[in-house]
Amino acid sequence: MPKLSLSKEIKNHPLFSNMVKLEYEQDFETIITSTGYSYLVLVYGDISINNKKENYTLPKVFINSIMPNFNIVAKKNSWFVVIRMNTDRFYQISKTNVNIQGAISKISHIVSQKVVDDLHREIETAAHIDYILIIDKHLKPFYAEWIKKSKISDIIDYIFINNGLLNVTNIIDEFHISHSSLNRYFKTATGVTANKFLRLIRFNYIVRHLEANNIDMLSAIEEFKYYDYSHFSRDVKQFSGKTPKQLFGTKHPILRDMLYKKIRY
């Protein structure tokens, strides 16, 4: 099991909202499910991912957009720091269509390699309390550009406020946008359609709800407005790679292993 040595809410920051540090005291492999957010990630040691299409060692500093689920493989004594950002920050930072580029971008493609190296090296020996100060020192000159709203920033906020319990028609009516434009913006900024993003956020909320509350699955399915068990099962399989029985079984470790479970959603 990885050691969660830091879980921190970041208040009043223009770009970041939460931060975690995970340390691997032995070789470890597990499944990570997407939370629907984007992240700045700093990697130390040998950590790789496999999302069924690719298997590669992670760069030492990168940003990532949403991925439904992927395997993460970490070698002993590896660790990483993950800082959460709004969903559309990947696109605002990289200025690249997520659907074309993919879900990961080296930060060195955006800022100089020297900035990346200095940031990575300084974090490696710093205390937890200094992480954001160090990141700000190296990256703050870029924040003004990175925090600009995208065409769907307000829509994404609206989806999170409503726990994903919306449909595409609700969004079209609320924001007076065409279906084609909505999907085009979502595919560009997140790599998925608006409908799939809604389902992903709703899935994340129901997972956390079931983990935190002593209620049966069918009651939770009704509360989170799934049509029936088969629709719920479809989303579980797509976003976690597991069946509901595997995901929510008392002996299965996936919920305990979810990277962001201790962060307030």
Using a 1.4 angstrom probe with every protein chain in place, what is the largest-first accessible-area order of ARG184, ARG202? ARG184, ARG202
So the number of lysine pairs in the range 27-131 with alpha-carbon atoms under 28 angstrom apart, 8 or more residues apart or on different chains, is 21
Using the Cα centre of the chain as origin and beta-carbon charges of +1 (Lys, Arg) and -1 (Asp, Glu), tell me which of LEU4, ILE134, PHE62 is placed farthest towards the positive end of the dipole. PHE62
Dipole moment magnitude, nearest 20 debye, the range 52-151 about Cα centre, only Lys, Arg, Asp, Glu C-beta charged: 340
In order over the range 17-28: 3J(HN,Hα) from phi, Karplus 6.51/-1.76/1.60, θ = phi - 60°, whole Hz, x for each Gly or Pro, gives 10, 8, 9, 10, 10, 10, 10, 10, 8, 7, 4, 8
Which of LYS196/LYS242; LYS151/LYS196; LYS149/LYS245 have a Cα-Cα distance over 28 Å? LYS149/LYS245
Charge dipole of the range 74-203 built from unit charges on the beta carbon (Lys, Arg +1; Asp, Glu -1), centred at mean Cα; most positive-end Cα among ASN195, VAL81, TYR158 is ASN195
Placing unit charges on C-beta atoms (Lys and Arg positive, Asp and Glu negative, everything else neutral), compute the dipole magnitude of the chain about its Cα centre in debye, rounded to 20. 300
Taking the chain and counting helices only, DSSP H stretches of n ≥ 4 at -39,500 (n - 2.57) each over all residues, the nearest-500 ellipticity at 222 nm comes to -11500 deg cm²/dmol
Simple Cβ-charge dipole of the range 123-204, Lys/Arg +1 and Asp/Glu -1, about Cα centre, in debye nearest 20: 340
Amide H of LEU58 versus every other amide H placed in the peptide plane: which residues, excluding those fewer than 5 positions away on the same chain, fall under 5 Å? ILE47, SER48, ILE49
In the chain, which helices (entire DSSP H runs) extend 20 Å or more along their own long axis, judged by Cα positions, while averaging at least 0.0 on the Kyte-Doolittle scale? 194-212
Carbon/sulfur accessible area of the range 147-255, % of total, 1.4 Å probe, equals 51
Which one of THR125, PHE16, TYR44 is farthest out on the positive end of the charge dipole of the range 1-127, using unit charges on Cβ (Lys, Arg +1; Asp, Glu -1) and the Cα centre as origin? PHE16
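The values are calculated or read from the model by the stated rules, or taken from the named source; none is laboratory data. Worth saying up front: this structure is predicted, and the values here are computed from it rather than measured. Every residue, glycine among them, receives a Cβ derived from its backbone with ideal geometry; neighbour counts consider all protein chains shown. Side chains are part of the model used for accessible areas, which takes the heavy atoms of the whole protein and leaves out ligands, DNA and RNA. Shrake-Rupley method; radii C 1.70, N 1.55, O 1.52, S 1.80 Å.
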